[in-house]
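Reading through the structure tokens given below for one structure.
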Amino acid sequence: MAKYQHTIHYIVRVIERPASDDRETWFAGPFGSTEADHVASELEHAADHDRECYVEQLFAREEG
């Protein structure tokens, strides 16, 4: 019988909102779930302006 492993990959969507009101979106990853949460938290707290970070599922891959 084949063994299947289900792997889910995540990215962090980062929305920058500097004082100039220009909005910029960029992405970081791919990461595992725990690492994506950690990166999102670190990126939000490291900014000197308004920054929002969201963890989003990138894709799931089944391996057998």
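Quick notes
- Scanning the range 38-64 for residues that are in contact with a strand residue (DSSP E or B) (Cβ under 6 Å, 6 or more places away or on another chain), of a type outside the set (A, V, I, L, M) and outside any strand (DSSP E or B) gives a single hit, Glu44.
- Just so you know, in the range 17-64 the residues that are modelled with pLDDT of 90 or more, among the hydrophobic types (A, V, I, L, M, F, W, C) and surrounded by 14 or more Cβ atoms within 10 Å (Cβ to Cβ) include one that is farthest from Thr7 (Cα to Cα), and it is Leu43.
The values are calculated or read from the model by the stated rules, or taken from the named source; none is laboratory data. This structure is a prediction, so every number in the text was calculated from the model and none was measured. Here the Cβ is made from the backbone with ideal geometry for all residues, glycine too, and neighbour counts use every protein chain on show.
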